[in-house]
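Take this structure first; my questions come after.
Readers should treat all values here as calculations from the given coordinates under stated rules, not as data from a laboratory. The model shown is predicted, which means the values in this text are computed figures rather than measured ones. Here the Cβ is made from the backbone with ideal geometry for all residues, glycine too, and neighbour counts use every protein chain on show.
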Amino acid sequence: MPKELTLKVPEISFDTVIEKASQLPLVRIDREEFLTKNLGRVCTRTQLRKALAEGTLHAGIPIGILDMLAQEAINAETLRVTAISTVAGLPGGLAMLGTIPADLVQFYGHVLRVAQELAYLYGWTEMSSNLDTATESQLVLFLGVMAGVQAAKNAVTKLFGEVAAKSVAKKVAAKALTKTWYYPIIKKVMGTLGQKVTKETFGKAVGKVVPVLGGAISGGLTVATFAPMAKKLKNHLSRLAHMSPKEYEEYETAQEKLLQENAKVKKQ
């Protein structure tokens, strides 16, 4: 009987994947250019100027319009990343296993793109032009929300009050949080995302082993992964953007209480 073919899952550092992805051409989104192109066709000049200067949530733009533009951004990036993933998964059999890290880097490059686009649409100000450590840390938190990591979701909720809505809730302003308060959360998020990368790598490896269908399978896996991930971030940011200052403060308080209760349960 022929020996059973065993696939070894490549060990990939998630830090390395994100570092390489952030260095890809066109990963950085120019906030002014992106918002001008997208808001310019649905908003007044006054709204656009205010959105560029103070953020979209302070420009009098209906949240429904921001939701529409966010979904359009997700659709566009899904098409781009699927096309690239399909090409990377073209025929080659086992010899193509060496391209898996490159495929993952391309995938997360587009994840970083859509994360920036959604952040800018929902009120974020300009991130660093060279994707420095602070910016990458924020982007990792966005990726955590996409992956369903609760700690990342809580951190992004706080960031929303600081960066996007600014003084939307007096409670947030009173905390005087520093720019580095969320750094301790990054390690936990990176660990969780690293485990997800390993599982995802295995799924892509299975697709590439099929010589003829590899491209179609790889592209299909990308569609099934990328769009739902991006939608999770969109839904969370949209929910925050829809809240009144009072609703936001109550939501943040509830999230903190839940976090504390979970911590107590783990200690027991």
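Within 10 Å, count the other beta carbons around each residue, average over each peptide in 237-247, 111-121, and list them highest first.
Details: 237-247: 16.7, 111-121: 25.6.
Answer by packing, highest mean first, reads 111-121, 237-247.
Taking the number of other C-beta atoms within 10 Å as the exposure measure, put 110, 58 in order starting with the fewest.
Working: 110 23, 58 15.
The order, fewest Cβ neighbours first, is 58, 110.
Also: Say the cut-off is 27 Å between C-alpha atoms; which of 50/187; 37/246; 50/234 go over it? It would help to have the intermediate numbers written out before the result.
Details: 50/187 36 Å; 37/246 33 Å; 50/234 22 Å.
Pairs exceeding 27 Å: 50/187; 37/246.
Just from the alpha-carbon atoms, what are the Rg and Dmax of segment 10-84 in angstroms?
When restricted to the Cα atoms of segment 10-84, Rg and Dmax are 15.9, 52 Å.
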